[in-house]
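What follows is calculated from the coordinates using simple rules that are stated; it is not laboratory data. Keep in mind that what you see is a predicted model, and the values were worked out from it rather than measured. In this analysis, Cβ positions are derived from the backbone assuming ideal geometry, glycine residues included, and neighbour counts consider all displayed protein chains.
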Amino acid sequence: MRTPLRATLTLAVAVLALAACGGAVQVEPPVPQGETAAACRRLNDLLPGTLDGAERVESEPKSPYVAVWGAGEIALRCGVPRPAAMAPTDRLSEINGVGWFADPKLPTLYTAVTGSGYVEVTIARTHDPGEVLGALSAPIAKTLPA
């Protein structure tokens with residue numbers, strides 16, 4: 001059985017590897033429940049078509065809880081479990097009203113911490129994390145308030 005950190009590591013590596021290959025962007029969708037699932041579906045409708053110059057593309061399998069830009073250069077998964085690496089005393093970076101946890105072991109993985117759930121974003125090093133997280137913060141704050 002994989003631990004959540006190992007699963008996240010696998011996802012981050014798989015998404016970024018697929019970006020380099022130019023193949024179909026496969027992202028394992030999370031399985032949020034209740035209000036978190038409803039909020040994630042609302043978020044999907046508000047996400048931008050372009051992030052830091054990368055166009056939004058389809059993911060496989062299709063899911064209302066996953067969004068991908070570029071050839072997998074940026075991937076968002078809404079309704080993921082709390083990051084295994086996040087301690088209760090960790091400080092979050094606030095961007096446009098949303099607290100973001102930067103995984104110290106995975107410098108390309110960020111998680112929005114909201115009152116309604118967690119939103120994981122993997123960003124290839126070719127993109128500016130501040131630009132990407134800034135653009136995602138407004139729709140996240142609107143649909144998954146603190």
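Quick notes
- Whole-Hz couplings from phi, Karplus 6.51/-1.76/1.60, listed for segment 27-39; x for Gly and Pro: 9, 6, x, x, 10, x, 10, x, 5, 4, 4, 5, 5
- Taking a Cβ cut-off of under 14 Å around residue 121, the surrounding Lys, Arg, Asp and Glu residues balance to a net charge of -3, with basic ones at +1 and acidic ones at -1.
- Here, segment 25-95 yields an orientationally averaged convex hull projection of 5.8 nm² when only Cα atoms define the hull.
- Pairwise Cα inverse-distance average, inverted: Kirkwood Rh of segment 4-143 (Å): 14.7
- Computed FRET value (nearest 0.05) for residue 42 with residue 96, which takes r as the C-beta separation and R₀ as 25 Å: 0.90
- Ranked by the mean number of other Cβ atoms within 10 Å of their residues, highest first, the peptides 119-131, 64-76, 47-59 fall in the order 64-76, 119-131, 47-59.
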